[in-house]
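One structure below.
Here, each number is a calculation from the coordinates, and none is a lab measurement. It should be emphasised that the depicted structure is a prediction, and the values quoted were computed from it without experimental measurement. For neighbour counting, all protein chains shown are included, and Cβ atoms are generated from backbone atoms with ideal geometry for every residue, glycine included.
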Amino acid sequence: MTTPTIELKPSAHPLPAAEREAILANPGFGRHFTDHMVTIRWAEGRGWHDAQLVPYGPISLDPSTHVLHYGQEIFEGLKAYRQPDGSVALFRPEANARRFRNSARRMAMAELPEELFIAALDALLTQDADWVPPHGGEESLYLRPFMFASETGLGVHPANEYLFMLIASPSGAYFAGGVKPVTIWVSEDHVRAVPGGTGDAKTGGNYAASLLPQAEAAAHGCDQVVYLDAVTRTKVEESGSMNIAFVYGDRIVTPELTGSILEGITRDSLLQVARDLGYTAEEGVVTLQQWREDAASGALTEVFACGTAAVVTPIGHVKTKSDGWSHGDGTPGPVTLRLREALLGLQRGVTEDKHGWMHKLG
Ligand SMILES: *Cc1c(COP(=O)(O)O)cnc(C)c1O
């Protein structure tokens, strides 16, 4: 079976430039979508076929479509940045392509070849390049590849048909008015993922399971949830859509990958960027009790969450069912800010790309 090429069927009616620019001036997150999308189908015995770039729009599904009942779905998230020379570059798309295949394998889905994943990104970005916000700010174009079981019928088995789609949405500065530390709720009653489960796959079901704890966090005046390991309920894992890191002076520690933690590309990049800047950056175990004690003693100087959407988010306060504590004085810590600036500088093409992470179009 050969890898299909993407057939271009562009819209005859893209959004007028003035309307597009009005959206780009204040895009928010995930509210507006570009003029086009990519769709690729897979069927047993046929493989990948029918790869198209088409106008963005609704799709029609039979009510018995597998994904609506059994949730066989995976997704990715990455950003394209306008470079100083006006070109467009993606940050580490090969890593997303690889993770998408890993997620597919765990969810018993067809694995999209990595070169087809990249070709889809290239095709959409080339067509909708005008939707990438100008260089200078923190704005970017967020790309959302996803795939779901499109077979019809209610039998429970890995589907024999899948639909891959790629959509794009201009994304504003995550923190309008500057980076502000968030307050974290430690979920002691609910877990996100279990050993042997799907925690290391980027699948919608993990997010569905996180909505109740997220609502609980909001009810306690918190912005985000941090989860503990499911077995001992003592070790810090991650924050549901972001990984977490602890700063002890010049040493940065992030929870080691246990199978129930999603392997964030921002996490991995920051481990490298931190080492490049001369910090010690390592994977290890941090328990909730250690977190509490080290915050009290002052050994723990900063804590941050990291992921594609918000890049690096300082964690200022922590609440549990029984207590709460703070890090620093309520402003973002210097290490957190330095790492954030270093990563954004790379992504926006203003600092040298030593690791070959930027994927330029064309
Ligand atoms: C996507 C995701 C992250 C962050 O991954 P990045 O590749 O850095 O964006 C962290 N945790 C979970 C559960 C995720 O789904």
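Summary of computed values
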| read-out | value |
| --- | --- |
| Debye log10 I(q)/I(0) for the stretch 261-312, one point scatterer per Cα, at q = 0.17 Å⁻¹ | -0.66 |
| Stokes-Einstein diffusion coefficient of the stretch 6-155, Kirkwood radius over Cα pairs, 20 °C, 1.002 mPa s, in µm²/s | 128 |
| Percent of beta bridges antiparallel (DSSP, the stretch 249-362, rounded to nearest 5) | 60 |
| Amide H contacts under 5 Å for Leu8, placed H, 5+ residues apart | Leu53 |
| Cα centroid separation - the stretch 124-178 against the stretch 328-362, whole Å | 22 |
| Rg to Rh, two decimals, where the chain supplies the alpha carbon set and Rh follows Kirkwood | 0.97 |
| C-alpha long axis of helix 288-297 to longest principal axis of the chain, angle in ° | 50 |
| Cα gyration tensor of the stretch 68-110 - equivalent ellipsoid semi-axes, whole Å, descending | 30, 11, 5 |
| Segment Val54-Thr234, extension gain: residue separation times 0.36 nm, minus the distance between their alpha carbons | 60.0 nm |
| Helix-derived mean residue ellipticity, 222 nm - over the chain, DSSP H n ≥ 4, -39500 (n - 2.57), to 500 | -8000 deg cm²/dmol |
| Whole-angstrom gap from the stretch 62-123 to the stretch 272-293, using each part's C-alpha centre | 29 |
| Residue among His69, Gly153, Gly345 farthest towards the positive dipole end of the chain, charges placed on Cβ | Gly345 |
| Dipole axis of the chain (+1 Lys, Arg; -1 Asp, Glu on Cβ), positive-most option in His36, Ala305, Gly196 | Ala305 |
| Spherically averaged projected area of the stretch 174-240 from its Cα convex hull (nm²) | 5.2 |
| Rg to Rh quotient for the stretch 182-347, alpha carbon positions, Kirkwood Rh | 0.93 |
| Assigned charges on the beta-carbon of Lys, Arg, Asp, Glu; the chain dipole about Cα centre (debye) | 100 |
| Rounded to 5, the percent of DSSP beta bridges in the stretch 7-171 classed as antiparallel | 90 |
| Centroid-to-centroid separation of the stretch 256-270 and the stretch 200-252 [C-alpha atoms, Å] | 13 |
| Stretch gain in nm, segment Glu282-Ala215, where the contour uses 0.36 nm per residue and the Cα spacing is subtracted | 20.9 nm |
| Dipole magnitude (debye, nearest 20) for the stretch 243-362, charges at Cβ of Lys, Arg, Asp, Glu | 300 |
| Distance between modelled label sites at Arg31 and Arg338, nm, 7 Å Cα→Cβ extension | 3.6 |
| The chain: relative contact order in percent, alpha carbon pairs under 8 Å with at least 6 residues between | 18 |
| Fraction of antiparallel bridges per DSSP, the chain only, in percent to nearest 5 | 75 |
